[in-house]
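Here is the structure we will look at, set down as structure tokens.
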């Protein structure tokens, strides 16, 4: 979609923008643009990359409306939410890190060693995980009970193996994970589901000030909200986050650390499922690479 078409699309939704729009191509489901209206207000635009995202958009709108009532930091406030365009006013502060989809360059917008980042993130996680199942159900948000967690992974593994293939060593790791009772929590919590430094806004001093990209918000395994931290900051920082979370009153279990590592290792499985859902050749090729598969899949 050209800039001219985007300007016309915004105008049909009552938003008058200048032609100075910058794009971030990182989003899988949405093309993200940063624009300024004729009064100088900055906006974030999210444009669906494919059809059929109506239900996902409606679901995320419900998630945002719910979490906004509970979090002490910023979340997007969608002033436009249609199947063609989502728009909200740009939030204060930048993501802790940004990633250039073309050059693969990572830019840190905070000091990675900031003493404020982990305590403030732990606080927000406690607020988030405190949202009740009753409220989630009232907003028609996905709910998984503890007994559902392994079933979801087992079903995902079977489907991805059948359709894309998976390396034996990776499959063995996943099956060993599924069979290890001690890793799995006896409770579920409301989670972000894709929480990492690129979706966390922070002040220049490193204090968390906002959370974006709530597509995967649900009641599920709280370890998922720790796995993204490990992927960026490493094992010791993950231990520090879990410790800060527990000290501030967060509910943990003995193997939360190990479960977070396994959740991070399951990223290829999640990407494989997404590739199958979109039936996009680029994503299928990428997922097969992550899964270590040599299986050829024709695109219908």
*Calculate, in nm to one decimal, what residue 137 and residue 13 gain on full extension: separation in residues at 0.36 nm each, minus their alpha carbon distance.*
41.6 nm
*With label points built 7 Å along Cα→Cβ from the Cα atoms of residue 2 and residue 159, find their separation and express it in nm.*
3.9
_Counting all C-alpha pairs of region 97-291, share separated by more than 26 Å (%)_ = 35
*asked:* Taking 8 Å as the Cα distance limit and 6 or more residues as the minimum spacing, I'd like the relative contact order of region 45-157 as a percentage.
replied: 25
*Tell me, in nm to one decimal, what length is gained between residue 254 and residue 113 on full extension, where the rule is 0.36 nm per residue of separation less the Cα-Cα distance?*
48.1 nm
*With each pseudo-label sitting 7 Å past Cα toward Cβ, what's the residue 56-residue 168 distance in nm, one decimal?*
3.5
_Below 8 Å, C-alpha to C-alpha, sequence gap of six or more: please give me the relative contact order for the chain in percent._
18
_Cα Rg over Rh - region 17-92, Kirkwood_ = 0.97
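We did not get these values from a lab; they are worked out from the coordinates using the rules stated. It should be emphasised that the depicted structure is a prediction, and the values quoted were computed from it without experimental measurement. As a convention, Cβ positions derive from the backbone with ideal geometry for all residues, glycine included, and neighbour counts pool all protein chains shown.
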